[in-house]
Amino acid sequence: MSPLTPPTFLPSPSSHTHGTNQSGAVGQAEASYAVLKFMESFCLLSAACGMAGNAVVLWYLGFRIRRNHFTVYILNLAAADFGYLLCIAIETVQYLMQFNVGVQFGVFLFLDLFMYGTGLYLLTAISIERCLSVLCPIWCRSHRPKHLSALVSSLLWGVSLLLNTLGYVLCSVRRSAGTCQLLLIAIGALDFLFCTPLMLLFSLTLFLKVKCSSQHFKTGRLFTVIMLTVLFFLIFAVPLSVLILFDFLGYKFLYSPEIGFVLSCVNSSLNPVIYFLVGSYRDKRIKLTLRLAFQRAFEDSADDKDERETRDTITMSS
């Protein structure tokens, strides 16, 4: 995937040999095209399910559940995942229907990387802040600014917007191959060589502090949510940054960008499932509402038992 070509995992309208090996055999080209069609269909289905799940998360966190400083990050992460899946779904439908969208390829390059980068930055911020809240609980309770989560989220959206707007201008509007290549390599390095190691470092520190410390930390279900979200992000979403970075550097692999986009679609679709499963784990009540499951999943710590049971009863009755 060169910087001046469509950044999607689908074959370009002018050629159906994208993703084939260098032998160029007709049979192999047809087989590769069939594989790409399967990837398109799978990713479209995954994107549709993921958009529905993230829309539910946005509704409940935005209007139905009392927010804390961590759910503000989760709300923004759900918005980024929804936007990313929407862009991928639109691109996939256009290719499946063989629409000639022309300049829109550059727009979708901007939107894809914008949403993907924002999600990565938000998850990095979640990992850092949760780790600091365990390492320095007194400071976080006494000196943490009330609206820090909203300010950090806005800043991360702005940084991602700025970087990808520059990428869109330099790679699509005022095409400068050399500058575009350097900028996209810099974005890929920021994603893979800076944010991903930070996320991994603070998540690992948090895990070791909670599980290996002699002290007893009341982590609540939020700890599990963050650990699973980071783990699945590292498995399914980070390969996209790696493959795109390698692609910009000139290292081509069979289905290299395609596999990355499919895996990232799966990652963005999994987060709502993680929230619900963690929130409903070990709950024997048959009528467990989505609202209650999400509310339990994002508990910052193990609340007082009586208070939590009272809140759950009120939620169930409403």
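The values are calculated or read from the model by the stated rules, or taken from the named source; none is laboratory data. Just so you know, these numbers come straight off a predicted model, no measurement behind them. Reconstructed Cβ throughout: ideal geometry from the backbone, glycine too, with neighbour counts over all protein chains shown.
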> Failed condition for S160, given (1) surrounded by 12 or more Cβ atoms within 10 Å (Cβ to Cβ); (2) more than 19 Å from the chain's Cα centre (by Cα), with all others met?
Replying inline: (2)
> From the residues in segment 34-62 that are within 22 Å of S256 (Cβ to Cβ) and surrounded by 17 or more Cβ atoms within 10 Å (Cβ to Cβ), which one is farthest from the chain's Cα centre (by Cα)?
Replying inline: L36
> In this structure, does L44 turn out to be in contact with a Pro (Cβ under 6 Å, 6 or more places away or on another chain), farther than 30 Å from I128 by Cβ and modelled with pLDDT under 95?
Replying inline: no
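Yes or no, residue by residue, for (1) outside any helix (DSSP H, G or I); (2) out of contact with any His (no Cβ under 8 Å at 6 or more places or on another chain); (3) modelled with pLDDT of 85 or more; (4) not hydroxyl-bearing (S, T, Y):
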site: V238; (1), (2), (3), (4): no, yes, yes, yes
site: Y251; (1), (2), (3), (4): yes, yes, no, no
site: R285; (1), (2), (3), (4): yes, yes, no, yes
site: Q295; (1), (2), (3), (4): no, yes, yes, yes
